[in-house]
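For reference, the structure discussed in these notes is given below.
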Amino acid sequence: TSYGIKIDDQATAGAFSIYTGTGLVQFGDDVTMTDDLHVESVITSNYQIDLNPVTKIATTGEVTVALAGVGAGNVDVGLHYYNVTYYTALGETEFHTKSSNSNATTTAGNGQVDITFPVSSDPRVIGRKIYRTAAGANYYTGNLLLATIADNTTTTYRDNIADSGRTGTTKYFHENTTHKAISYDGVTMMSATADNTVFGANNATTLFAETAETAKLTCFGQGNLGKLTTGTNPTALGYSCFANLTSGGDNIGIGNTVGNAITTGAYNVLIGRNVLNGQNAGSAIAIGYMVGGASTTGVASGNVFIGTTSAYLTNGATYCTFIGHRTGYNVTTSDYSIIIGAWCDLPSATANGQLNIGCVIFGTGMYDTNADSSAPHTVGKIGILNNAPLSTLDIGGSTGLLISNKTATFTADVAATVYICDATGGAIIANLPTVASAANRIYTFKRINAGANNITVTPNGAQTIDGAAALATVNQYDTIRIIAGATEWHVI
């Protein structure tokens, strides 16, 4: 048998309904579609679909606020913002549109406020709630419940309550909970509004319990952001991302069991599995498997950890950069240290400001101040094949210098340090750059020819070499070695 479909008027029923010849098919009843709509059986289902929330007060000017003009009152002196919502048996709408325009400034002699607000045409609405900020607060912070109007007929309220008389938790950004969206066994599985997008089971549970004040939340998966109460712009994609985060904004978690020890941190970007699950963190970037995953203590703020089991044992390291597979695996509390290269670790698990690049270049005294800088950190030391440098540059192996062979006049440049000169075919002039352009540079000039033809090293313009206008070799195999000083060249 075929049946028709009736869409109820929202003003009388407020929902999409399917009627058969025997009455209304309830939410939870299974139906199948063939050529026409048939109700084959009525079977209880755990799924519910309700995509019809109550519309918030959406027209500018519907909520008006003015001083009552009846003299002194209990409202704290200062600027106050007011916000109004509709509520139903299921939940509550968002604050009214342009709530920042609904404000009044009380004085010692004029301390009561009159609020005017509309009724709703939606039959599901059973009352209104009025929220107010504390004196002097921004319109989006510290909105606590001022009064509950337990009907849908009253249109005015006189406020004579001190800031201390408001109740509840702070609200401004919160979800419209007047509908069930898509739910399973009463648990919301999907909700998409102008502020928040949530798909999956047990995500953002505080949001739907109306104990959270969040905005621009994006959550896909299961068990993500379950304890968040304040904070904006969180993104969680996967399973159990930021499960214990209560406050802190602009966190991004993607993967399985990510950032579960972070309770109040902000600006974290965590991607992978079991990432920073033991430490609270802020402004951290961690990517990989079991990154910072073993420790259960400390605060891992300002770190960049990239690579499987990177920083595995850290329990409070801060402002470190570890890049590569298993980098810094054994580091515990070091700060401001840098590791690049798979399997590379620091010489000390606790000392600050260390460097290891590929277990070839080591360093100590890395920059360790929370301020932008491009200046040389003069306490820094670099070791080549030496993990405990004692000098600014400490080389633990041989060194090599680039050699250039010359048979005619030339100008020394950055392409070589040592010039082997053969003047057999004629005298050679080695022209120097200005000392300003070559500060601290060392050159070596070697004459290899016999005979009378010299190699003459000549400074630029009026500059000198230890006061001389030029310096020449005399004999075969003579060497001239110079360094650029502040205003002239010097023989060394």
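Annotations for the structure displayed:
- Only residues that are open to solvent by less than 60 Å² (accessible area, probe 1.4 Å) and on the phi > 0 side of the Ramachandran plot were counted in the stretch 251-299, giving 10.
- The set of residues from the stretch 449-461 being open to solvent by less than 40 Å² (accessible area, probe 1.4 Å) and assigned to a loop (DSSP other than H, G, I, E, B) comprises N449, P459.
- Here the condition is being at pLDDT 90 or above and over 11 Å from the mean Cα position of the chain (by Cα); of G231, G253, G272, it holds for G272 alone.
- Subset of the stretch 39-77 (residues that are modelled with pLDDT under 95 and polar (S, T, N, Q)): S41, T44, S45, N46, Q48, N52, T55, T59, T60, T64
- Members of the stretch 94-110 found to be open to solvent by less than 50 Å² (accessible area, probe 1.4 Å) and of a type in the set (S, T, Y), listed by number: T97, S99, S100, S102, T106
- Test: residue in the stretch 415-424 that is under 30 Å from V360 (Cα atoms), assigned to a loop (DSSP other than H, G, I, E, B), without any contact (Cβ under 8 Å) to a residue 24 or more places away in the chain and of a type outside the set (D, E): yes
- Filter result for the condition that a residue is within 18 Å of I403 (Cβ to Cβ), surrounded by fewer than 18 Cβ atoms within 10 Å (Cβ to Cβ) and either at pLDDT 95 or above or small (G, A, S) (or both), over T479, T464, T434: T479
- Beta carbons closer than 8 Å, at least 6 apart along the sequence or on distinct chains, pair a first residue in the stretch 136-148 that is within 16 Å of V84 (Cβ to Cβ) and in contact (Cβ under 8 Å) with a residue 24 or more places away in the chain with a second that is among the aromatic types (F, W, Y) and open to solvent by 50 Å² or more (accessible area, probe 1.4 Å) for Y140/F173.
- Exclusive hit being open to solvent by 60 Å² or more (accessible area, probe 1.4 Å), modelled with pLDDT under 95 and more than 16 Å from A484 (Cβ to Cβ), set V414, V474: V474
- Condition met for N74 (within 16 Å of T167 (Cβ to Cβ) and either among the basic types (K, R) or under 31 Å from the mean Cα position of the chain (by Cα) (or both)): no
- Take the conditions (1) within 25 Å of T399 (Cα to Cα); (2) assigned to a loop (DSSP other than H, G, I, E, B); (3) open to solvent by 10 Å² or more (accessible area, probe 1.4 Å); A486 misses just one of them, which is (1).
- Identity of the residue in the stretch 50-88, free of Cβ contacts under 8 Å to residues at least 60 places away in the same chain and among the polar types (S, T, N, Q), that ends up nearest to A147 (Cα to Cα): T85
- Number of residues in the stretch 417-431 that are of a type in the set (S, T, Y), open to solvent by 20 Å² or more (accessible area, probe 1.4 Å) and within 18 Å of H490 (Cβ to Cβ) equals 1.
- Candidate set: the stretch 300-325, residues that are under 20 Å from T369 (Cα atoms) and open to solvent by less than 10 Å² (accessible area, probe 1.4 Å); chosen: the one modelled with the lowest pLDDT: A300
- Test: residue in the stretch 381-396 that is surrounded by fewer than 10 Cβ atoms within 10 Å (Cβ to Cβ) and either in contact with an Asp or Glu (Cβ under 7 Å, 6 or more places away or on another chain) or farther than 30 Å from T456 by Cα (or both): yes
- Selected residue [touching a residue at least 12 places away in the same chain (Cβ under 8 Å) and more than 14 Å from the chain's Cα centre (by Cα)] from G248, G292: G292
- Condition check for T154: closer than 18 Å to T88 by Cα and either at pLDDT 85 or above or among the charged types (D, E, K, R) (or both): yes
- Any hit, the stretch 205-218, residues being of a type in the set (S, T, Y), under 15 Å from G91 (Cα atoms) and modelled with pLDDT of 85 or more: no
The values are calculated or read from the model by the stated rules, or taken from the named source; none is laboratory data. Note that this is a predicted model, so its numbers are computed, not measured. Here the Cβ is made from the backbone with ideal geometry for all residues, glycine too, and neighbour counts use every protein chain on show. The area values use the complete protein model at the heavy-atom level, side chains included, leaving out ligands, DNA and RNA. Shrake-Rupley method; radii C 1.70, N 1.55, O 1.52, S 1.80 Å.
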